[in-house]
1. Would you say Val118 is modelled with pLDDT of 95 or more, open to solvent by less than 60 Å² (accessible area, probe 1.4 Å) and assigned to a helix (DSSP H, G or I)?
2. Being surrounded by 14 or more Cβ atoms within 10 Å (Cβ to Cβ) and either touching a strand residue (DSSP E or B) at 6+ places or on another chain (Cβ under 8 Å) or among the hydroxyl-bearing types (Ser, Thr, Tyr) (or both) narrows it down to one residue among Thr96, Thr69; which is it?
3. Hey, does region 31-54 have a residue that's closer than 16 Å to Glu90 by Cβ, of a type in the set (Val, Ile, Thr) and free of Cβ contacts under 8 Å to residues at least 60 places away in the same chain?
4. Where the second residue is open to solvent by 50 Å² or more (accessible area, probe 1.4 Å) and among the charged types (D, E, K, R) and the first is touching a residue at least 60 places away in the same chain (Cβ under 8 Å) and lies in region 102-116, which pairs have Cβ atoms under 7 Å and are six or more apart or on separate chains?
5. Of all the residues that make up region 168-190, how many are open to solvent by 50 Å² or more (accessible area, probe 1.4 Å) and over 12 Å from Asp154 (Cα atoms)?
6. If I ask for residues that are open to solvent by 40 Å² or more (accessible area, probe 1.4 Å) and among the small types (Gly, Ala, Ser), which ones from region 216-234 would you list?
7. Assess whether Glu90 counts as being more than 17 Å from Leu231 (Cβ to Cβ) and within 12 Å of the chain's Cα centre (by Cα).
8. It is to be established whether one or more residues within region 130-142 are in contact (Cβ under 8 Å) with a residue 24 or more places away in the chain, surrounded by 15 or more Cβ atoms within 10 Å (Cβ to Cβ) and of a type in the set (D, E, K, R).
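The values are calculated or read from the model by the stated rules, or taken from the named source; none is laboratory data. The shown structure was predicted, so the numbers you read here are calculated from the model rather than taken from an experiment. Glycine gets a Cβ as well: all are built from the backbone with ideal geometry, and neighbour counts include every protein chain shown. For accessibility, only protein heavy atoms count, side chains too; no ligands or nucleic acids. Shrake-Rupley method; radii C 1.70, N 1.55, O 1.52, S 1.80 Å.
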Amino acid sequence: MTPYARRGVHGQTVEALARRILGGRIPEGATLDLVALQSELDVSLTALRESLKVLAAKGMVDARQKRGTFVRARADWNLLDADVLRWQFEGADEGTDADRTLLRNLAEVRAIVEPAAVRLAAERRTDADLAALEAALDAMGGQDTDPGQAVEADLAFHRALLTATHNELLERMEMVIEPGLAHRDRIVHSHPHSEDPVPAHRAVLDAVRERDAAAAETAMRALLVQAGRDLDRIDGPDDTKGTGGK
């Protein structure tokens, strides 16, 4: 998944505006001073207006005669949009209340979606699906895997699981889960005391290979519990005391 809004000056302007809105620097209901923003961001008025069109399509801003361009209420924002999710996670400072809320929301979504999805994957998986899952798991367990590669391997595994459901709508859930999962993984893999993720993922893969839907769901729930423990260990008061229990 490569959100187009990363590209060029236009993309940088979109992201700069979006993060200000999502972070509350430009509050809900505020009318935008386009001339001031144009000068501050050092872009043309045309580029600024084109960037605002992107945010308008995501429900974040609107324009009205006599009022100008303004920030819409958060209830109107398309919070499931892949770019909006990514901006929120990338803009949240680790350990803040906003970051914890985002991660808690992600955990709840995963707890609803992934155990059910893995049951379908166990029933419908193909040899190609198993190969994709195995490749991701091999990359995850590589001795020389750096944090960035570990994140990519985990994303590839969960993406392959959704693909193995052979349900187009569930496959698109990667756009909801992946930005938050990437953020969570970057936090976990940057700390030395996280649990080894390979055994929990191997248990999921083994159950999917055996077409055991119940075992696959149980293994996925155990994996999600471990994911929660990793974050609790990092965020808890014992983070500086050593590895802690597993």
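1. Here the answer is yes, as Val118 does meet what is asked.
2. Thr69
3. No, there is no match, as no residue in region 31-54 is closer than 16 Å to Glu90 by Cβ, of a type in the set (Val, Ile, Thr) and free of Cβ contacts under 8 Å to residues at least 60 places away in the same chain.
4. Pro115/Arg221
5. 6
6. Ala222, the sole residue that qualifies.
7. yes
8. Yes, region 130-142 contains a residue that is in contact (Cβ under 8 Å) with a residue 24 or more places away in the chain, surrounded by 15 or more Cβ atoms within 10 Å (Cβ to Cβ) and of a type in the set (D, E, K, R).
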